[in-house]
Every structure is written in structure tokens, then in C-alpha cells.
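Beneath this line is the structure, given in C-alpha cells, with notes to follow.
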Amino acid sequence: MEGKAHPTAIAQLSQGEILPPRQGPQPNHLQPYRCAGKAGFWFGHDSAAIERSFLPLQAPLLKTVKRGIGIAWFSRAMGKTLPSLQDWGTALQDWSVRLQSLQYCEQNAGFRRLCELTGRPIRTARKIDQIADLDAFAAQVSGLRGVLTISNTTAHMAGALGIPCVVVLDNGIVTTWPYTSVKTPFYPKTRLIRRRDDSWLIALQKGREMLMSMINKQNIAVS
């Protein structure tokens with residue numbers, strides 16, 4: 001997705017030089033620079049240039065207008081700390097928007113229990129396989145006004161499509177997202193919320209507020 005969304009990503013190191021091709025065994029002290037050269041080749045180092053080059057993916061055409069907010073509350077990623085269903089239920093209870101599940105394996109992820117805790121309808125995603133049918137998943141996400149998620153699967157899809165998205169993260173360092181920034185240049189309409197010293201509930205509520213602020217700045221009506 002990132003390659004398609006950023007066709008003009010540039011290949012440079014910090015000095016504007018590209019590491020020469022490998023010729024024979026390399027000293028150990030050069031290996032980190034070799035890895036940096038490969039990362040620079042694929043992703044570039046100029047955040048502003050990367051963001052300017054962003055071209056959103058085009059999902060299959062929809063017959064309906066954009067409406068509602070998508071949510072994904074579960075992840076199978078090893079070592080990932082997640083909010084509880086109770087936290088999600090409380091955070092969603094008084095949110096006066098249509099809610100659409102974007103969760104893969106949603107029944108096993110506690111969809112029915114989440115609906116009970118939320119006390120309101122959540123549109124199911126079970127007709128779409130988010131892992132096997134990316135076209136259908138893209139069409140589903142593109143039909144929304146915004147996305148609140150802890151799932152990287154959903155976050156990358158929304159980001160590549162240019163849909164406003166807030167990713168709620170724990171405090172651990174992961175390679176998926178920048179650690180010290182609330183933005184990633186690869187997805188200009190994606191924002192990151194880290195839990196820090198807050199409870200998961202407060203982090204989710206902050207994510208919700210940030211998402212609505214992003215949507216309101218674009219004058220996008222949420223129904």
C-alpha cells in the first residue's frame with residue numbers, strides 16, 4: 001500500500017548519498033548503514049516531500065454516500081496490549097454517530113459483547129473478509145467519514161485511502177509507527193494517540209475527540 005500511495009518517495013541517506021552496491025563481505029560496523037541505505041531507498045528521509053507525494057488509493061466505487069465512523073478494537077499481534085471491551089463500550093456509549101465494525105474475525109473478537117456494553121447498534125462487518133478480500137475491505141472503509149482503531153490492518157487501509165483515522169497505541173516502542181510524533185508522513189490524514197499515563201478509556205476518548213476534530217476541519221458531515 002505504501003509503495004502505491006507514494007510513487008515519488010526518494011532514495012537518499014542523510015548526506016544525500018546512496019550506499020554503493022554490496023561487493024563481497026562487509027565489516028560488521030557497516031551493516032547498520034547498509035540497512036539504513038535500504039530503508040532510504042524505499043521510503044526516503046524527507047518527511048515533507050513524502051507527505052506531499054501522497055496519492056490516496058482508489059477503492060471500488062460505492063453506490064452510497066459516505067457516512068458513519070469505523071471501529072476496530074482487537075488485534076492478534078503478539079505482545080500488543082489492548083483496551084478492554086468495557087473500555088471500548090464506555091467510550092462509544094454516548095457517541096452520536098453511526099458505528100461500523102471494521103474488525104477482522106469480529107465474532108471471535110467479542111462483537112456481541114461490545115454491542116451489549118455499548119448499548120447501541122454497531123453495524124457488523126461479517127460479510128467482508130478484511131484479510132482475504134482487500135477490494136471489498138477498501139470499499140467498506142472508503143464509505144466512512146473516519147476510523148478509530150487499535151488494529152494496524154484497519155489503520156493502514158484507512159491511511160492509504162486518505163480517510164481520517166486515529167490509531168490508539170500503548171506506550172511500547174514498535175516499528176509500525178513513529179514513537180515521538182502524532183503523525184506519519186506516509187498517511188497525511190492519520191494521527192496517533194499514545195496512552196502515556198492515561199487509562200485506556202481516557203486514551204480512547206482522546207482518540208475519539210481528535211478524530212471528530214479532524215473530520216470537522218474538513219467540513220465532513222457525520223451521520
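Classification of segment 145-199 by its C-alpha gyration tensor yields a prolate form. The axis ratio a/c (a ≥ b ≥ c) is 1.5 or more, and a/b outweighs b/c.
Per-residue 3J(HN,Hα) values for segment 70-78, derived from phi via the Karplus relation 6.51 cos²θ - 1.76 cosθ + 1.60 with θ = phi - 60°, read x, 10, 9, 10, 9, 9, 8, 4, 5 Hz in sequence order (x marks Gly and Pro). Taking 0.36 nm per residue of sequence separation and removing the Cα-Cα distance, the residue 201/residue 81 pair yields an extension gain of 41.9 nm. Would you mind classifying segment 169-223 by shape? Square roots of the alpha carbon gyration tensor eigenvalues, ordered a ≥ b ≥ c; an a/c under 1.5 is rounded, otherwise it is prolate if a/b is larger than b/c and oblate if not. Oblate shape, in that a/c is at least 1.5 and b/c is the bigger or equal ratio.
Ranked by how many other Cβ atoms sit within 10 Å of their own Cβ, fewest first, the residues 154, 184 fall in the order 184, 154. Taking 0.36 nm per residue of separation and subtracting the current Cα-Cα distance, fully stretching the chain between residue 58 and residue 96 would add 10.8 nm. In segment 69-217, Rg over Rh equals 0.92, where Rg is the alpha-carbon radius of gyration and Rh the Kirkwood radius from pairwise Cα distances.
Read-outs: derived from the displayed coordinates by stated rules, not from any lab. The shown structure was predicted, so the numbers you read here are calculated from the model rather than taken from an experiment. We place every Cβ from the backbone using ideal geometry, glycine too, and count neighbours over all the protein chains shown.
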